[in-house]
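Shown next, in structure tokens, is the structure this report addresses.
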Amino acid sequence: MAERRFSNLRPDRVLALQKARLRQIIWLVIVALAIFCLTNLTRGTWINLVLDLGLIAMLLLAYRWNQRDRLELAAAWTIAALLIGLTALMAVDQGLYDEAPLAFPALLVFAGMFGSRKLLVVLVVLMLAALIALYFLHEAGIALSVPRPLNWRRPFAMGLIIAFSGFFMWLLAGDLSRNLLRLESEKLALQASRERIALMARHDSLTGLPNRTLAMDQLQYLLGKPRRGQELIAVMFLDLDNFKTINDSLSHAVGDALLCKVGDALRMAVRGTDMAARMSGDEFLIVLGDLEDERAAAETATRIMQALSEPFQLEGVEVPITASLGIALAPRDGNDPAVLLKHADLAMYQAKDAGRNAFRFFDASVNQGIIEHLQIASGLRAALARNELEVHFQPKFELAGGRVVGAEALLRWPRPENEAVSVHRLIAVAERSGLIHEIGAWVLQQACAAVSEWRRIGLGALTVSVNVSPLQFRRGNLEAAVRDALAANALAPGGLELELTESTFADTPDLVEVLRRLGALGVHVTIDDFGTGYSNLAYLQRFALHSLKIDQSFVRQLGAGTQEEGLVRTIIEMAHGLGLQATAEGIESAEALARLRAFGCEFGQGFLWSPALPSEAFITFVRQHRAASA
Ligand code: C2E
Ligand code: MG
Ligand code: MG
């Protein structure tokens, strides 16, 4: 205990204060003793005078130790000196009639302040022992306790002891109340910071809206509350449709400001008793209680959609935003917060499917497809993160000479434990979930890396064709992705060809410009699956294109006298008429190949030669093919 009290672990402030107090107290006692010396001098009580002087000397020693930061020793020494000194003064003077024990309580307080409880007990015992010893010394006639005749010195000495003890207590009480006040204010500050942390833990720091935890608690509370009649509880899941584009094309600061404005708009659109919360990113949750019927929920949803339909003013720019909103109702769609949230989320996907900027009530029957979609999307996301996706290469031939001229890069997702998902489905899911941008850029990188490796190991000036989703064009950063992939692999732009489908032309602003710039860079552009999509052929002239790839549905049917023959021949002639080259995909038979050659089709690919292969296998294929045709 004593160790703890005097240990070096005590904060410096406390140590400094104790040191100052000890200094003051030692001075105080020395002054008191000096006054007693004077009275002893006038009285001629020499022994008392010597004892007082001895005590002063001991205290000066304590003072010195205290100044040298030996606080523990100084305090113990002071206590011992005072106890011995006071007892000796009693013994030589009036014994048990002496006024010296008046100072005992102050000495005990002093010991309590600087020493341990054990020291306090020891001190009390020693004091009692001194009193008892004096009594027995008196009884034995060795040192008699005899009161001196009363004169002014006695009240003076008693007054002095009381005054000095009082001053000492006053110092102490000041310290105590100051410390209590400080403790109280620290407690309040701690409480305030705890409250702030609790608030932050349940609120979103950006928008100030309740967060997921608080929203789920509110939902749990509403579900647990006894309901009077047929009232419904609605859970609305809201997702902004084009937030990522805004965030990327403007800035993250604008994105944050937009989220705040959306938060404000949601707060205004719901009743005071309802709760609008931010779940994460651009997802919000609205929890409504006490709804009369489904129509009341629909009204709130309409109000929310209207509130978001006005473009927001951000840094002087008008930013239009739309949202998709899914609604689940309790008790109809579930009575458990997690289930309701899941159903509202699924309904939100239904709203997105319906073309976005819409709200939908949860409908269990349309549910299954969405669940599958979500599963594939999350699997795909994980596969991308874990680098489990692959790119395979289907050899592409020059039909006249039979040479391999390049390959088409095709995405593959090996999933041994699950049933296969078609690449078409994968791409569709990637497009809907927004993953297509990341996957697209990754495929570009892989394809450029592969073709530059083939060139490096002497396979010649092969090219690689990469399929590009219309969404990649619409997002506006495709050019950068292309440049990055070329630069990272030190590949000349002529080694890369982009395949886009006809739907890209339907709804991509600035496409003319983008294709012109890509063409100027030296990248080739091909229209894939030609003949199956958009029927307006005017775009063939408007855009900077290099070739048409005839869809495999026509090519596979090529044979003796089918309708497709005319179609394929016409497409090839049209391509040539426009100054474009023709490529055929899906060549499975020698007859088809013979027809295509006869029609003057320049390039082709198909199972007749090979399906898409991993890069290593592709290299072997090219080498073997060259060896065989040499
Ligand atoms: P696509 O670009 O038209 O690719 C040709 C598809 O036909 C490939 O299917 C290929 O394996 C298949 N194929 C090639 N030769 C033959 C043949 O002789 N007979 C038959 N029956 N099929 C043949 P896959 O790999 O399943 O890809 C399907 C579609 O997925 C692709 O069609 C393309 O539109 C898309 N896709 C593939 N990879 C990517 C990618 O990395 N990005 C994007 N955006 N789309 C991709
Ligand atoms: Mg293709
Ligand atoms: Mg195709």
Pairing a residue in the range 65-84 that is more than 16 Å from Trp27 (Cα to Cα) with any residue that is modelled with pLDDT of 90 or more and open to solvent by less than 80 Å² (accessible area, probe 1.4 Å), where Cβ atoms lie under 6 Å and the two sit 6 or more apart in sequence or on different chains, gives Leu73/Trp65
Tally, over the range 130-167, of residues that are open to solvent by less than 50 Å² (accessible area, probe 1.4 Å) and part of a loop (DSSP other than H, G, I, E, B): 3
Within the range 448-489, tally of residues that are away from ligand 1 (no atom under 16 Å from the Cβ) and of a type in the set (S, T, N, Q): 2
When the range 512-542 is checked residue by residue, the ones that are more than 16 Å from ligand 2 (Cβ to nearest atom) and either closer than 17 Å to Ala584 by Cβ or of a type in the set (A, V, I, L, M, F, W, C) (or both) are Val512, Val514, Leu515, Leu518, Ala520, Leu521, Leu537, Ala538, Leu540
Please enumerate the residues belonging to the range 470-507 that are of a type in the set (S, T, N, Q), modelled with pLDDT under 95 and more than 18 Å from Ser249 (Cβ to Cβ). Thr501, Ser503, Thr504
Just a yes or no: is a residue in the range 596-605 touching a residue at least 60 places away in the same chain (Cβ under 8 Å) and in a helix (DSSP H, G or I)? yes
Of all residues in the range 578-616, which are of a type in the set (Gly, Ala, Ser) and within 14 Å of ligand 1 (Cβ to nearest atom)? Ala584, Gly586, Ser589, Ala590, Ala592, Gly604, Gly606, Ser610, Ala612
Looking at this structure, is Leu199 within 23 Å of Ser280 (Cα to Cα) and of a type in the set (A, V, I, L, M, F, W, C)? yes
In the range 501-512, anything within 16 Å of ligand 3 (Cβ to nearest atom) and either under 19 Å from Val451 (Cβ atoms) or among the acidic types (Asp, Glu) (or both) is listed as Glu502
Are there any pairs with C-beta distances below 8 angstrom linking a residue in the range 429-453 that is outside any helix (DSSP H, G or I) to a residue that is away from ligand 3 (no atom under 16 Å from the Cβ), with the two at least 6 apart or on different chains, and if so which? Gly434/Lys244; Leu435/Ala377; Leu435/Leu380; Leu435/Arg381; Leu435/Leu384; Leu435/Val429
State yes or no: is Leu515 farther than 19 Å from Phe607 by Cβ and within 16 Å of ligand 3 (Cβ to nearest atom)? no
Scan the range 516-565 residue by residue and report those that are touching a strand residue (DSSP E or B) at 6+ places or on another chain (Cβ under 7 Å) and either of a type in the set (S, T, N, Q) or closer than 21 Å to Arg597 by Cβ (or both). Thr526, Phe530, Gly531, His546, Ser547, Leu548, Lys549, Ile550, Asp551, Gln552, Val555
Hey, does the range 544-556 have a residue that's under 30 Å from Phe473 (Cβ atoms), under 52 Å from the mean Cα position of the chain (by Cα) and more than 16 Å from ligand 2 (Cβ to nearest atom)? yes
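Need a quick list: strands (runs of 3 or more DSSP E) entirely within the range 292-404 having at least 3 residues that are at pLDDT 90 or above and more than 26 Å from the chain's Cα centre (by Cα).
Answer list for the range 292-404: 323-330, 359-361, 390-398.
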Touching a strand residue (DSSP E or B) at 6+ places or on another chain (Cβ under 7 Å) and open to solvent by 20 Å² or more (accessible area, probe 1.4 Å): which single residue out of Phe284, Phe312 fits that description? Phe312
Could you check, for the range 443-452, whether at least one of its residues is surrounded by 19 or more Cβ atoms within 10 Å (Cβ to Cβ), within 18 Å of Asp528 (Cβ to Cβ) and either assigned by TED's automatic domain parsing to the domain that holds Thr245 or not β-branched (Val, Ile, Thr) (or both)? yes
Here is a list: Ala617, Ala627. Which entry is modelled with pLDDT under 95 and open to solvent by 30 Å² or more (accessible area, probe 1.4 Å)? Ala627
Does Glu184 qualify as being acidic (Asp, Glu), modelled with pLDDT under 90 and in a helix (DSSP H, G or I)? no
Residue match in the range 48-55 (condition: in contact with a helix residue (DSSP H, G or I) (Cβ under 9 Å, 6 or more places away or on another chain), in a helix (DSSP H, G or I) and on the phi > 0 side of the Ramachandran plot): no
Could you list, in sequence order, all residues of the range 287-306 that are within 19 Å of Asp241 (Cα to Cα) and open to solvent by 40 Å² or more (accessible area, probe 1.4 Å)? Thr302, Arg303, Gln306
Residues that are among the small types (Gly, Ala, Ser): list the helices (runs of 4 or more DSSP H) wholly contained in the range 196-285 that include at least 2 such residues. 212-224, 252-269
For the range 564-591, the count of residues that are assigned to a helix (DSSP H, G or I), open to solvent by less than 40 Å² (accessible area, probe 1.4 Å) and either aromatic (Phe, Trp, Tyr) or touching a Gly at 6+ places or on another chain (Cβ under 7 Å) (or both) equals 2
Would you confirm whether any residue within the range 67-83 is surrounded by 15 or more Cβ atoms within 10 Å (Cβ to Cβ), among the β-branched types (Val, Ile, Thr) and closer than 19 Å to Leu126 by Cβ? yes
For the range 441-474, which residues satisfy the criterion of being within 16 Å of ligand 3 (Cβ to nearest atom) and small (Gly, Ala, Ser)? Ala447, Ser465, Ser469
How about the range 405-428: which of its residues are under 27 Å from Leu593 (Cα atoms) and in a loop (DSSP other than H, G, I, E, B)? Ser422
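The values are calculated or read from the model by the stated rules, or taken from the named source; none is laboratory data. Please read these numbers as outputs of a predicted model, since none were measured by experiment. With ideal geometry, Cβ positions are generated from the backbone for all residues, glycine too; neighbour counts draw on all protein chains shown. These accessible areas exclude ligands, DNA and RNA; they are computed on the full protein's heavy atoms, side chains included. Shrake-Rupley method; radii C 1.70, N 1.55, O 1.52, S 1.80 Å.
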